[in-house]
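The values are calculated or read from the model by the stated rules, or taken from the named source; none is laboratory data. Predicted model, so just to flag it, every value in this text is computed and none were measured. Positions of Cβ are generated from backbone atoms using ideal geometry, with glycine treated the same way; all protein chains shown enter the neighbour counts. For the accessible areas, the whole protein counts, side chains as well, though only heavy atoms, and no ligand, DNA or RNA atoms are used. Shrake-Rupley method; radii C 1.70, N 1.55, O 1.52, S 1.80 Å.
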Amino acid sequence: MPPGDQGGGVQLQTLHPRVRLVWAVSTLFSAAFVAGFGVVGDRLGVALPVGPSPVTLFGGLAAVIAVLGVVFAVLRYRVWGYEIRDDSLYLVRGVLTRRVSSVPFVRVQHVDTRRGPLERTVGLASVVVYTAGSRGADITVPGLTPDRATQLRERLRELATESEYDAV
Amino acid sequence: MRRLHRLSAVLDAAQGGLQLGSAALFGSFVLANETGFGSGDLAFLLAPAAFLLGVAYQVAYYYRFTYELTDEELIVASGVVGRQKREIPLERIQNVDVRRPALKRALGLAVVNFETAGGSSTEATLDAVDTAEADRLQNEIGPRSRRSKSTERSSTAAVTGGAASERGRADGVDESATGESVTGTTDTPDLQGTTDTPDSQGAAHTPDPRETDEELLYEVSDHELRVLSVVSFRPGAFAVPFVGIPFGGEEMTRALLGRLGIDLREGVRSLAALDVLTLGVGAVGLLVSYLLAVWMVSIALTYLQYYDFRLERVGDELRYERGLIGRYSGTIPLGKVQTVTVGENVLMRRLGYAALGVETAGYAPGANGGSGSETTVPLGARDRVLTLAQKVLAASDDTGRYEASETFDETTDVGEGDDSSPVVDPALSSPEPRARKRYTRRYLIALGLLAAAIGTATVVTTLPTAAAAVPVVLAPLTPVAARLKYRHRGYHETAWSLVTRAGFWRRRTRIVPVFRLQNVLITRTIFQRRWGLASVTADTASSASIVGGEAVIYDVNPERADEIRVSLLERLNAALAERKRAALAGETDEEFEWVGDAEGATDTDESASESPGDVSETLSTDGAAESSERPEDSSVGPSDGA
């Protein structure tokens, strides 16, 4: 399904396609980590009483994680969308559980841009929005070009100060 | 600069010394036994040295720990090697808790905790000071921080003339007097008497109005305490029966099992030799006795915890006190209340009781490290609890909008078996009817998975194959369970708040003031999407939601969910705009001023005040005190004028 047809046919902002690479590679890292267990186990001569050898077991697990990671990266990219609305930041995300959040600008405490090592290699950045809420207290918008991230951060900061009200 | 109490230094020194000493003793013995390094004699050298080290550290800690309460902040300096100095602005302190665990209580000591909104951990702890000092801190910091703000305010108000506020107070008294006569409560004749001369009364109160402004809101009677102990199942108690095992519990269990023909020493394998009936009886017997033990422990713990529970209103704060062996007390500023929860477990519902939870930002009173249940009033007759919930909600909104918008305009709603409390117990809208089918399906799937798991287990172990049939037996019950789940879920929207309810075993009705909302979140799990359903979570800064207690509207149509989201956001913005306007206008004494202001009134005054938030807070605390005075005086009697 195409991203962003919620909310009365308004097209949501999508992320940069390269974010799929970030997500996929980060799950590949964890897959490699799991596979590493199997290799180490094999080297040390660990064998389970029943079932396959450590290499097959953890290798299989790693393969499943890797495949799922790639599939989810693609799906997640398709779902992800955000938009700056009149009074709130509107976000749609989630592959299995679809989540739609509205963060009123009044409630934004501060806004960060963040660039992890993986994001930096592919030239992307994230914006993190902090609220005082207990759930989703920090909301991350990933997969933005650095310029766009800075823009979004500045825009959110402006909107937050415009509508400032301290009522915690 | 003050220090902690000397006795606490002695306690800590003894504790630190013993800890380090015993660790050294144990360590050197292990070392001697395992590696042969050193002999056992080493322990006799090392242990006292470590003991002294521990004592020395604690003594040093005592001398390096100072605190000071100034007009604006609490300053705590601590640390033996790495020094730390913390300055906490008083108006940022949300709660002051005083804890007197058994031993410290016996020595006349108390531990004082200070909580702020930021972070989940305690901001500062004074462990320990004497009881009088603890009371002083608790008394001073609450009203004092607010008074410092009210002086700020009075400096601005002085321009417009202090007479206005005086008039407001007199009006309030007048109204309370009329309210008294209307409701016809017969108590507090002295209040009636003083209200005849409002001026003199006002004058008498002006020196420090907060100090004398106390009111006992709730006291748990002996009967209620017994009921509470019996009906409340504490999750923490489930682990406790195992504690008894080292002290003969093992023998008892073995004897019990032996009577049934089960010998644990032969291992689980012998279970297969038994017929299903014996096994079943044994399992049920074990479970029942376990639950009984849990229940007994739970009764004892609850009794100890909530013995002599009192809830008071002191100025614009709630203060509770409880405990038989250890004594605990804490404060909840009414102006910082995020959500109010009415909790009723299945037994309490039967007997017509309910519990009340009041949550503030970053801290849930009563939730001591997650072990206690998060309750402000542990148990009370349902209608009394609901009335109290209303009062708390009314006091939490300084604009007085709560009373105006909903206190008595929804009397037509009939809650479950009780129609006296409209707002906190309204008739709720149910989730979509098809959600019931979804729950049935969900339980069936869960049972199926359980059966499959047991089935797999029977192949690997010697468990009888018939065991896999046990979950199947429960299958006919799933529609009933689904129905109960469905019936106890619901939501209700009012102009001022959102009410959500969920849970059959422990039903929670949450009331979220709209102006406290932080985020609105719509979630649709993969299963919900199959059924075309969605859930809406209304998130506040309340800490209770970290433990999973969120206000969630379950299983409505996605379109409806979106409507709710939009309407919540709109109402949030409208409410905040109103509050801001009221704050800037500086006239919260006239509570109903907002009614006149229409939506479209342009609010471009942001630049007029540099920090509108501060102004509003300044006003809010005063307004809360005054707006809360009126309904409470009129509805409950015993406001001790003395």
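What the table shows:
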| item | result |
| --- | --- |
| Test: residue in region B:290-310 that is touching a residue at least 40 places away in the same chain (Cβ under 8 Å), open to solvent by 30 Å² or more (accessible area, probe 1.4 Å) and part of a strand (DSSP E or B) | yes |
| Flag if B:D555 is open to solvent by less than 10 Å² (accessible area, probe 1.4 Å) and more than 13 Å from every other protein chain (Cβ to nearest Cβ) | yes |
| Residues (more than 8 Å from chain A (Cβ to nearest Cβ), in a strand (DSSP E or B) and open to solvent by 10 Å² or more (accessible area, probe 1.4 Å)) located in region B:510-536 | B:R510 |
| Test result for B:R99, closer than 26 Å to A:T131 by Cα and basic (K, R) | no |
| Members of region B:313-359 that are surrounded by fewer than 19 Cβ atoms within 10 Å (Cβ to Cβ) and part of a strand (DSSP E or B) | B:V314, B:E321 |
| Residues that are in contact with a His (Cβ under 6 Å, 6 or more places away or on another chain) and either assigned to a strand (DSSP E or B) or modelled with pLDDT under 85 (or both), drawn from region B:466-509 | B:V499, B:R507 |
| Filter result for A:G60 (part of a helix (DSSP H, G or I) and touching a helix residue (DSSP H, G or I) at 6+ places or on another chain (Cβ under 8 Å)) | no |
| Strands (runs of 3 or more DSSP E) (entirely within region A:65-163) containing at least 2 residues that are open to solvent by 50 Å² or more (accessible area, probe 1.4 Å), touching a strand residue (DSSP E or B) at 6+ places or on another chain (Cβ under 7 Å) and more than 14 Å from every other protein chain (Cβ to nearest Cβ) | A:108-114 |
| Qualifying residue in region B:94-106 (condition: surrounded by 14 or more Cβ atoms within 10 Å (Cβ to Cβ), touching a residue at least 40 places away in the same chain (Cβ under 8 Å) and aliphatic (A, V, I, L, M)) | yes |
| Residue within region B:109-120 that is among the small types (G, A, S), on the phi < 0 side of the Ramachandran plot and assigned to a strand (DSSP E or B) present | yes |
| Hits in region B:335-372 - residues which are modelled with pLDDT under 80 and over 22 Å from B:T125 (Cβ atoms) | B:G335 |
| Sole exception among (1) assigned to a strand (DSSP E or B); (2) touching an Asp or Glu at 6+ places or on another chain (Cβ under 8 Å); (3) crowded, with 18+ Cβ neighbours inside 10 Å; (4) not charged (D, E, K, R) for B:Y62, by number | (1) |
